[in-house]
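Read the structure below first, then the notes.
The values are calculated or read from the model by the stated rules, or taken from the named source; none is laboratory data. Not measured: the values here are computed from a predicted model. Reconstructed Cβ throughout: ideal geometry from the backbone, glycine too, with neighbour counts over all protein chains shown.
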Amino acid sequence: MNSMERVLTTLGHKEPDRVPLFLLANMHGAKELGLSLRDYYASAGNVIDGEMRLLEKFGSDCAYPFFYASLEIEAWGGDTIFSADGPPLCGPPVIRRPEDIDSLRPPEVESSPALRRVLDTIAGLKQRLDGRVPIIAVAISPFSLPVMQMGFDRYIELMHEQPDRFLKLMQTNEEFTVNWANAQLAAGATAICYFDPVSSTTNIPRDLYLATGQQVAKRALARIKGPTATHMASGRCLPILGDIADTGTAVVGVSILEDLARLKAAAAGRVTLLGNLNGIEMRRWTPADAELAVKRAIAAAGPGGGFILSDNHGEIPFQVADETLLAIREAVDRWGRYPLDWVQDWTDPGPT
Amino acid sequence: MGGVPMNSQSLSDLITPFRESLESLDRIRAESLFAEALSRVSPIAAVEQLIVPALEQMGNAWHEGSVALSQVYMGGRFCEELVERVLPPSDPDRKHQPRSAIVLLNDYHMLGKRIVYSVMRASGFELFDYGRMDVDELVERALADRIRVLLVSVLMLPSALKVADVCSQLKARGSDIKVAVGGAPFLFDGELWREVGADGMGRSAGDAVTIVDAWMREMA
């Protein structure tokens, strides 16, 4: 099977030849080219070359033309702050006072140089990969975007204290997110990873999710013209897994903070799980640690398909060594081959 | 009070309903329960015996996954208001505490720091809020202010790793400032706080109160 066939099979809740691996080490492309993150992301050509080298080196089952989250904020008029050793961060809020929401307008995708670079990257990858490897593009959910637009604390206050302005912000953001996601699909993306960490039960209670984030997701996903994966970016979601499935998403990115076997049972064939290796701990993993973590995840969620092995955040830290990524790759090759006969007799050795 | 000493009455029957009122954002009920506490004990005792344990329980519940960050934030903010009303900053009943400060290191994600700041103040502590700083600025300011306890909040892994620079610079300058850290990277890697040279790590805002309380006794 090629990567596309492998992923489509597991999305159909059937067992492919092996567990698919989404190794979302997008920043490592800059290392491959010997560039700073700022220079790397300044050109679509760099990211295309970087992604191709990462695919060659680590054998991930997807290309991941995700630059950095605050790139979307650049389209809204905000700034990005680059650093040498980690993901670029969002600058000062573009919504400085709640009243700013009243006159906020969604930016045009085509008028943003940053967004156009991503579209060019997707188009270039599409040309090179020719449908063999899925291209997973990213759109921040309209419901989670305000964390960068106005700050998380002010956003929580807005949700609770100014419901009308909250709705206005959601309408504005939905227009942008839907257009941005559809532009990436039109450029050649296979699917959209809909990052929605605010909806996680780590951040808001279920009743608030049902009244807010879920409604937004239902409306937005219905207008996105392709498959979506909803990612909680390390947040918990077990109590709302069925509710997330109700939004029409095909995949849910899950956290190491929750039991993967329980998540798999709760998914009940409705959604495929994506996760849940601990990217923060990964920085100091030995090859043996990597192998054990891979075995644990596959044993918990691999049987029957409906599972893609990945990190639990949707972005592997820049500090994680190539040797660790290669150890993950090798462990998947060794323990991820279907049928997973070893799982039944395997006993977890416990903490290393 | 029928001759019963003001602070000898237990408020334990009020803690669970008070916590539940905070979690459901029921301000009217929370105010009423706090008023009930004030009718039984002194303001400082009401803070220590009702607000502190309720916020601590909420913090633990967040860590275990049964309460959300939005509830902790809104609850902490409301408690801060309640404490402001009964214990103004200059109130002599405010805790005699080491000079303390809280800072967001390097990042731009303020929520964690704001929650800890609210919970600390709602628990009767006064502390400097340094906002967002980078390593050099923080070291200079903490030394200039003669800080004894420094609470460092981060969200991103690179910022967490920069705590090592803060700790080593403070030590190189002969400072004995105790540093407690908190934030997502420390929750996902339980060894990281030791690696960066911190003296303690809080898993929730309630932990910050416990840590500073313990250090306060050590320093007394």
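So the values come out like this:
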quantity: Filter result for A:Asp85 (at pLDDT below 95, touching a helix residue (DSSP H, G or I) at 6+ places or on another chain (Cβ under 9 Å) and either surrounded by fewer than 22 Cβ atoms within 10 Å (Cβ to Cβ) or not hydroxyl-bearing (Ser, Thr, Tyr) (or both)); calculated: yes
quantity: Residue match in segment A:159-166 (condition: more than 21 Å from A:Val271 (Cβ to Cβ), within 12 Å of chain B (Cβ to nearest Cβ) and surrounded by fewer than 19 Cβ atoms within 10 Å (Cβ to Cβ)); calculated: yes
quantity: Check on B:Ala180, modelled with pLDDT of 95 or more, in contact with a Leu (Cβ under 7 Å, 6 or more places away or on another chain) and crowded, with 20+ Cβ neighbours inside 10 Å; calculated: yes
quantity: Residue within segment B:135-153 that is part of a loop (DSSP other than H, G, I, E, B), under 30 Å from A:Tyr155 (Cβ atoms) and outside the structural domain of B:Ser42 (by TED's automatic domain parsing) present; calculated: no
quantity: Conditions (1) surrounded by fewer than 24 Cβ atoms within 10 Å (Cβ to Cβ); (2) more than 14 Å from chain B (Cβ to nearest Cβ); (3) out of contact with any helix residue (DSSP H, G or I) (no Cβ under 6 Å at 6 or more places or on another chain); number of the one not met by A:Trp335; calculated: (3)
quantity: Residue within segment B:79-102 that is surrounded by 19 or more Cβ atoms within 10 Å (Cβ to Cβ), within 14 Å of another protein chain (Cβ to nearest Cβ), modelled with pLDDT of 90 or more and over 12 Å from the mean Cα position of the chain (by Cα) present; calculated: no
quantity: Lone qualifier among B:Glu31, B:Glu20, B:Glu56 - being at pLDDT below 95, closer than 24 Å to A:Leu208 by Cβ and part of a helix (DSSP H, G or I); calculated: B:Glu56
quantity: So B:Ser10, is it among the polar types (S, T, N, Q), in contact (Cβ under 8 Å) with a residue 12 or more places away in the chain, surrounded by fewer than 19 Cβ atoms within 10 Å (Cβ to Cβ) and not in a helix (DSSP H, G or I); calculated: yes
quantity: Among the candidates A:Leu35, A:Leu89, residue that is within 20 Å of the chain's Cα centre (by Cα) and aliphatic (A, V, I, L, M); calculated: A:Leu89
quantity: Test result for A:Asp130, under 22 Å from A:Cys62 (Cβ atoms), among the charged types (D, E, K, R) and free of Cβ contacts under 8 Å to residues at least 40 places away in the same chain; calculated: yes
quantity: Residue match in segment A:222-236 (condition: more than 13 Å from chain B (Cβ to nearest Cβ) and part of a helix (DSSP H, G or I)); calculated: yes
quantity: Subset of segment A:278-318 [surrounded by fewer than 22 Cβ atoms within 10 Å (Cβ to Cβ), hydrophobic (A, V, I, L, M, F, W, C) and at the interface with another protein chain (Cβ under 9 Å from one of its Cβ atoms)]; calculated: A:Phe318
quantity: Residues within segment A:130-148 that are in contact with a Leu (Cβ under 8 Å, 6 or more places away or on another chain) and either at pLDDT below 95 or assigned to a helix (DSSP H, G or I) (or both), tallied; calculated: 1
quantity: Evaluation of B:Phe186 against (1) over 11 Å from B:Ile102 (Cβ atoms); (2) more than 14 Å from chain A (Cβ to nearest Cβ) (one fails), failing number; calculated: (2)
quantity: Boolean, A:Ala266 is touching a helix residue (DSSP H, G or I) at 6+ places or on another chain (Cβ under 9 Å), farther than 25 Å from A:Ala191 by Cα and either of a type in the set (Ser, Thr, Tyr) or away from chain B (no Cβ under 11 Å) (or both); calculated: no
quantity: Selection from segment A:258-301 of residues that are in a loop (DSSP other than H, G, I, E, B) and out of contact with any Phe, Trp or Tyr (no Cβ under 8 Å at 6 or more places or on another chain); calculated: A:Glu258, A:Asp259, A:Ala268, A:Gly269, A:Arg270, A:Val271, A:Arg283, A:Arg284, A:Trp285, A:Thr286
quantity: Lone qualifier among A:Thr172, A:Thr190 - being β-branched (Val, Ile, Thr), more than 14 Å from every other protein chain (Cβ to nearest Cβ) and closer than 19 Å to A:Ser112 by Cβ; calculated: A:Thr172
quantity: Options B:Ala172, B:Ala214, B:Ala164: the member that is at pLDDT below 95, surrounded by fewer than 18 Cβ atoms within 10 Å (Cβ to Cβ) and not aromatic (Phe, Trp, Tyr); calculated: B:Ala214
quantity: First in segment B:98-123 and farther than 14 Å from B:Asp134 by Cα, second anywhere and among the polar types (S, T, N, Q) and at pLDDT 90 or above, Cβ under 6 Å, 6 or more apart; calculated: B:Gly112/B:Ser153; B:Lys113/B:Ser153
quantity: Residue satisfying condition, being at pLDDT below 95, out of contact with any Gly (no Cβ under 6 Å at 6 or more places or on another chain), among the small types (Gly, Ala, Ser) and over 23 Å from A:Val332 (Cα atoms), within set A:Ala268, A:Ala222, A:Ala217; calculated: A:Ala268
quantity: Failed condition for A:Arg206, given (1) surrounded by 20 or more Cβ atoms within 10 Å (Cβ to Cβ); (2) within 14 Å of chain B (Cβ to nearest Cβ); (3) within 26 Å of A:Leu277 (Cα to Cα); calculated: (1)
quantity: Yes/no for A:Arg116 being of a type in the set (Lys, Arg), within 23 Å of the chain's Cα centre (by Cα) and outside any loop (DSSP other than H, G, I, E, B); calculated: yes
quantity: B:Leu143 being at pLDDT 90 or above, buried (at least 23 other Cβ atoms within 10 Å of the Cβ) and either touching a His at 6+ places or on another chain (Cβ under 8 Å) or over 29 Å from B:Ala30 (Cα atoms) (or both); calculated: no
quantity: Yes/no for B:Ile102 being among the aliphatic types (A, V, I, L, M), under 25 Å from A:Ile81 (Cβ atoms) and assigned to a helix (DSSP H, G or I); calculated: no
quantity: Residues of segment A:243-263 classified as in contact with a Lys or Arg (Cβ under 6 Å, 6 or more places away or on another chain) and away from chain B (no Cβ under 12 Å), total; calculated: 2
